[in-house]
Amino acid sequence: DEEFNDLCFEFGLELDEITSEKDIISKEKGEEKAKGASETILYKIDVPANRYDLLCLEGLVRGLQVFKERINLPRYEKIIPPEGEGQRLIITGETVHVRPHAVAAVLRNITFTKERYDSFIDLQEKLHQNICRRRALVAIGTHDLDTISGPFTFTAKPPSEIKFKPLNQSQEYTASQIMDLYRTDSHLRHYLHLIENKPLYPVIYDSNGVVLSMPPIINGDHTKISVKTRNVFIECTATDITKAKIVLDIIVTMFSEYCEKPFSVEAAEVVYPNGKTHIYPELAYRKEKVKPELINKKIGISETPSSLAKLLTRMCLKSHVTGNGNNIEIEIPPTRADIIHACDIVEDAAIAYGYNNIQMTIPKTYTIANQLPLNKLTELLRLDLAAAGFTEALTFAL
């Protein structure tokens, strides 16, 4: 446990506590309620809000393995199916006032186990809570592709015209009835307000009129995925296209490991109302250049360019020295949407170097602190005014 705690710390994470379901329940509800609960050891790990790639076991383990230099960072590959064979998602003009954007992808020939499946669902939930802003910006839907046939249509209709069997329900309801049904649901009631007062509700159909989902509320029961699912169709509908691309990239990079061809993702085509098409996921790799002296200066260390490149490579940022050691070229993988600026790269170098290994120095500026004369006068006045029976009121003015 101590070793794992140290490893997390070195990697810039914090091991919050080591516990079990039984411990948690007995703390919150007492010993009685905890009887029969699982005693499996659980690690609670604090992950920084910008590192979506560490929000599931797959990504966390992969990140730590690369950090420990046990594996090389995988190369994620987008496979574009032959003309006419890929999946298409057609966005109609009606969506423009509810959820105008959508992206899609396919995980082909994937092998789930109970653990992998749980992790897959869990990651979607975590993404919904943070980057998706409780589904307001992005809502993720995952479907068993073998139960439906494309092309798919993302449109918006009056609630009375939408009718389907929601996930884990036994009968069909109209959209208005679904809203009433989930008004008391502890989990889903928090999302109803997102579309409740809109004249049209967003909905996704396949070519036979089967409802895949009514985002951002619920998927249809017809397409639900299970441990036996082999091909997963992923759609993300959104009010913010940038966030949608990030969310799609994260889901496919995390779980493409379990596809028949590991780390490959089948692309899907999205057709916009204006007739333009776009292939998703983007899985974009990009290059950044940073000067070694900048990294050294900002962190306060003096490492050679090649050792800095090695430190960055351990943080999943594949780097090598270029131009006689004047530059480090860094490849930003699609899993790292948090790298926006050179300072993000410097931060990763500092984490890999180890905050505890950075020499503490006394700042070079030499000054002696003194109280401002005005403040000194004010304090003297304060005492006398208080002695005279006045009460000081400090107004909240900036």
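The values are calculated or read from the model by the stated rules, or taken from the named source; none is laboratory data. If you're wondering where the values come from, they're calculated on a predicted model, not measured in any experiment. We place every Cβ from the backbone using ideal geometry, glycine too, and count neighbours over all the protein chains shown. Ligands, DNA and RNA are excluded from the accessible area calculation, which covers all protein heavy atoms including side chains. Shrake-Rupley method; radii C 1.70, N 1.55, O 1.52, S 1.80 Å.
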Any hit, region 14-24, residues being surrounded by 14 or more Cβ atoms within 10 Å (Cβ to Cβ), assigned to a loop (DSSP other than H, G, I, E, B) and not assigned by the TED database to the domain that holds Glu347: no
Residue list for region 336-349, restricted to those being out of contact with any strand residue (DSSP E or B) (no Cβ under 6 Å at 6 or more places or on another chain) and either on the phi > 0 side of the Ramachandran plot or open to solvent by 10 Å² or more (accessible area, probe 1.4 Å) (or both): Ala337, Asp338, Ile340, His341, Cys343, Asp344, Val346, Glu347
Every residue from region 25-65 that is assigned to a helix (DSSP H, G or I) and touching a residue at least 60 places away in the same chain (Cβ under 8 Å): Tyr52, Asp53, Leu57, Glu58, Gly59, Arg62, Gly63
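From the list Pro333, Pro305, which residue is open to solvent by less than 30 Å² (accessible area, probe 1.4 Å) and either closer than 30 Å to Lys78 by Cβ or over 21 Å from the mean Cα position of the chain (by Cα) (or both)?
Details: Pro305 fails: open to solvent by less than 30 Å² (accessible area, probe 1.4 Å).
Step by step, each of Pro333, Pro305 is checked, and only Pro333 is open to solvent by less than 30 Å² (accessible area, probe 1.4 Å) and either closer than 30 Å to Lys78 by Cβ or over 21 Å from the mean Cα position of the chain (by Cα) (or both).
Which residue out of Lys297, Lys289 is under 30 Å from Lys78 (Cα atoms) and open to solvent by 30 Å² or more (accessible area, probe 1.4 Å)? Step through it out loud before you land on a result.
Working: Lys297 fails: under 30 Å from Lys78 (Cα atoms).
That would be Lys289, the only listed residue that is under 30 Å from Lys78 (Cα atoms) and open to solvent by 30 Å² or more (accessible area, probe 1.4 Å).
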Residue among Gly12, Gly30, Gly84 that alone is at pLDDT below 90 and within 19 Å of His278 (Cα to Cα): Gly84
Candidate set: region 163-219, residues that are among the hydrophobic types (A, V, I, L, M, F, W, C) and in contact with a His (Cβ under 8 Å, 6 or more places away or on another chain); chosen: the one most open to solvent (accessible area, probe 1.4 Å): Leu200
Test: residue in region 173-190 that is touching a helix residue (DSSP H, G or I) at 6+ places or on another chain (Cβ under 9 Å) and in a strand (DSSP E or B): yes
Boolean, Val252 is crowded, with 24+ Cβ neighbours inside 10 Å and of a type in the set (A, V, I, L, M, F, W, C): yes
Condition met for Leu7 (on the phi < 0 side of the Ramachandran plot, surrounded by fewer than 18 Cβ atoms within 10 Å (Cβ to Cβ) and part of a strand (DSSP E or B)): no
Cβ pairs under 9 Å, 6+ apart, first in region 66-88 and without any contact (Cβ under 8 Å) to a residue 24 or more places away in the chain, second open to solvent by less than 100 Å² (accessible area, probe 1.4 Å) and not in a strand (DSSP E or B): Arg70/Leu64; Ile71/Arg62; Ile71/Gln65; Asn72/Val66; Asn72/Thr313
